[in-house]
Amino acid sequence: MTTYGLFINTGERLAPTHADVFDFALEQVRQAEVLGFHDIWVTEHHFIPFGINSSALALAGFLLGRTERLRVGTAVTLAPQYHPLQLAEQAAILDQLSGGRFDFGIGRGGYRLDFRAFGVEEARWDEEIETTARLCWDAWDKPAVTGLGGRFGFPPVELRPRPRTAGGPPLVLGTSTPATLALAAARGAPLLHYFATPAEARAKVEAAYAERLPPGVEPPAHVHTAVLHIADDEAAGREQLRQALHASFVDGDHEAVPQASGRHKGPDGKPADRGVLAAGVAERAIAGPPARIAEQIAAFRAATGAQRLVFYMEAIGERQATLESIARFAAEVTPLLAAQAAPAKEPA
């Protein structure tokens, strides 16, 4: 079964004040709960206007407390900025308090300022997210966990509270590096795809993941984030998206650690400036009137095999346009998607 969720980035440009940005995030979540969406994913950024939520875990906990049915995930918690054991504890308590509705997404990030401000060695980027994943799984699986040595050596400790979910909350990994893909596949942990990644690149990563799965093990439902905007005039909607994305990406144009530099590439394979990146993401976005949206989702699923889609609707940069897309998706697009999925009737 294919599921549909919302991706919430809490960009500073979305509202006049920071309070308004978070009120808008809660408004989207309330609407999603009523309209039958499956999950919500929240981001984490530090010191930049691109996203003003400084703790994905804190916002996820708040939203879990304000909802009853929705799953809530982090996309992503920036693992290098925390002690892995602390993350294992915090994820376990969110799993407990939410009744098992929490998905723990982790990634590396890469802004140099984060490492410098928090006093974290940039070499930590290279060790992640394997270090955090291994320690979380050990802490959730075993009666006692011992440090991994090096910077994370510590005596045996017992995690309290234990997770409510057997084996711990689902750990979702935002990665495409071979070593981490191998670790994820060995555990059967799903991947989380960045919304700006082209479909063909996602398919390539998932093929590499599948090659590393143990024999006979089926791949999990990976999480695909994607920009979506419902607009009756598709061309005008894409142009509005391009402008909003460009402004947003400029807000996120900060120096990266060397290992993370050059990750955004243009059609020529070279690092893309923010204008080129915004144009490419807008061109690949799922955009247009409802029938076109359903067609594009079908094409995206055919290209990637996606079963779990999470839509970045606030990428349009406007509150009312975002809320209209959420409402119209539920009312006008989901029936079309259900019709696509329905088995064909036998001729009378």
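Derivation of every value follows stated rules applied to the coordinates shown; laboratory data play no part. Predicted model only: the values in this text are computed from it and were never measured. Cβ atoms come from the backbone with ideal geometry, glycine included; neighbour counts cover every protein chain shown.
Applying 0.36 nm per residue to the separation of Asp253 and Arg69 and subtracting their alpha-carbon distance, the gain on full extension is 62.6 nm. Our note on the geometry: Cα centres of the stretch 292-334 and the stretch 33-102, 22 Å apart.
Which FRET efficiency value, to the nearest 0.05, is calculated for Ala327 and Glu283 with the Förster distance at 25 angstrom and r the Cβ-Cβ distance? Working shown, then result.
Details: r = 25 Å, r/R0 = 1.01.
It comes out at approximately 0.50.
Could you state the angle between the C-alpha long axis of helix 178-187 and the longest principal axis of the C-alpha atoms of the chain, as a value from 0 to 90 degrees rounded to the nearest 10? It works out to around 90 degrees. Taking the longest Cα principal axis of the chain as reference, the axis of helix 290-304 is set at about 40 degrees.
If R0 is 25 Å, the Cβ-Cβ spacing of Leu336 and Ser55 corresponds to a FRET efficiency of close to 0.10.
Apply 1/(1 + (r/R0)^6) to the Cβ-Cβ distance of Arg162 and Ala221, taking R0 = 22 Å, and write down the FRET efficiency to the nearest 0.05. Mind showing how you got there, number by number?
Numbers: r = 25 Å, r/R0 = 1.16.
Calculated value: 0.30.
Please work out the C-alpha center-to-center distance from the stretch 131-197 to the stretch 234-260 and express it in whole Å. Value for the Cα centre distance between the two parts: 31 Å. By the count of other C-beta atoms within 10 Å, a proxy for reagent exposure, Val42, Val120 are ordered fewest to most as Val120, Val42. Model label points for Arg212 and Ala144, set 7 angstrom from Cα along the Cα-to-Cβ axis, are 3.2 nm apart. A dipole drawn for the chain from +1 and -1 charges on Cβ atoms has a positive end, and of Ala117, Val172, Ala210 the residue lying farthest that way is Ala210.
To the nearest 20 debye, what is the magnitude of the charge dipole of the stretch 3-341 about its Cα centre, counting +1 on the Cβ of each Lys and Arg and -1 on the Cβ of each Asp and Glu? Let's see the in-between values first.
Working: 32 positive and 40 negative charges, 129 e Å.
In debye, rounded to 20, the stretch 3-341 gives about 620.
How much mean residue ellipticity at 222 nm does the chain get from its helices, if each DSSP H run of length 4 or more adds -39500 (n - 2.57) and you divide by all residues, to the nearest 500 deg cm²/dmol? It comes out at -13000 deg cm²/dmol, rounded to the nearest 500.
Is there a quick way to get the dipole size of the stretch 32-127? I mean about its Cα centre, with the Cβ of Lys and Arg at +1 and of Asp and Glu at -1; what is the value in debye to the nearest 20? List each step's numbers first, then the result.
Values: 8 positive and 12 negative charges, 41 e Å.
It works out to roughly 200 debye.
The residue among Ala60, Leu87, Met1 whose Cα reaches farthest toward the positive pole of the charge dipole of the stretch 1-99, with charges on the beta-carbon of Lys, Arg, Asp and Glu, is Met1. The local environment of Phe22, defined by Cβ-Cβ distances under 15 Å, has a net charge of -2 under the rule Lys, Arg +1 and Asp, Glu -1.
Tell me the Kirkwood radius of the chain: reciprocal of the mean inverse pair distance over distinct alpha-carbon atoms, in Å. Can you show the working numbers first?
Values: mean 1/r = 0.0481 Å⁻¹.
With all distinct Cα pairs of the chain included, I get 20.8 Å.
Averaging the sequence gap over all C-alpha pairs within less than 8 Å and six or more residues apart, then dividing by the number of residues, gives the chain a relative contact order of 19 percent. Electrostatic tally near Leu183: other residues with Cβ closer than 10 Å to its Cβ, Lys and Arg +1, Asp and Glu -1, net +2.
Selection among Thr77, Thr17, Ala235 by position relative to the dipole of the chain gives Thr77 as farthest towards the positive end (Cβ unit charges, Cα centre). For Val172, nonlocal amide neighbours, meaning residues 5 or more places apart or on other chains whose placed amide H falls under 5 Å from its own, are Phe104, Gly105, Ile106. Peptides 17-30, 63-76, 93-106 ordered by packing proxy, namely the average of other Cβ atoms within 10 Å per residue, highest first: 93-106, 63-76, 17-30. Relative to the longest principal axis of the Cα atoms of the chain, the long axis of helix 18-35 lies at roughly 70 degrees. Looking at the square roots a ≥ b ≥ c of the eigenvalues of the Cα gyration tensor of the stretch 1-103, which shape do they give, rounded for a/c under 1.5, prolate if a/b is larger than b/c, or oblate? In terms of gyration-tensor shape, oblate.
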